[in-house]
Amino acid sequence: KRRQRSCKVCALLRSNPKKKSYATTFYCERCSVDSAKCWLCNKICHRFKGVFKTCFAIWHEDFECGQSIPVTLGKKVVLRRPGQVAGEQKKTRRELELHEADAEGEECETDE
């Protein structure tokens, strides 16, 4: 299963600020910077200037790849890099206590 991210255009054009934008697995390689990707959905779900368009088309044709986002939208787009690669998980307090108890139990057996 692929990771889904929030579409940048859907986030800008949503009418209700409490409503989440569409999640998508598509991004524009041309507009992405290094590992910070520009996530855009490929569904026709918005009417912009009286025409139904995909978010990809709105981003490239009307917003000029994010360079001319209308001031009326009052938001700016931030391209975020993916999170750090998960490392080794830290042990819980309970696991540490069990490990210490096992170590003490082994010491007692070797003393006898």
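Summary of computed values
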read-out: Long-range amide H partners of PHE48 with built H, under 5 Å; value: LYS53
read-out: Amide proton proximity set for TYR22, modelled H, under 5 Å, gap of 5+; value: CYS7
read-out: Ranked list, fewest to most other Cβ atoms within 10 Å of each Cβ, for ASP62, ASP102; value: ASP102, ASP62
read-out: Entries of LYS18/LYS90; LYS20/LYS91; LYS20/LYS53; LYS18/LYS53; LYS19/LYS53; LYS37/LYS91 with Cα pairs more than 31 Å apart; value: LYS18/LYS90; LYS20/LYS91; LYS37/LYS91
read-out: PHE52, PHE63 arranged by Cβ crowding within 10 Å, fewest neighbours leading; value: PHE52, PHE63
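FYI, it's all coordinate maths here, none of it is from the lab. Everything quoted here is computed from the prediction, not taken from an experiment. Cβ coordinates were reconstructed from backbone atoms using ideal geometry, including for glycine residues, and neighbour counts include every protein chain displayed.
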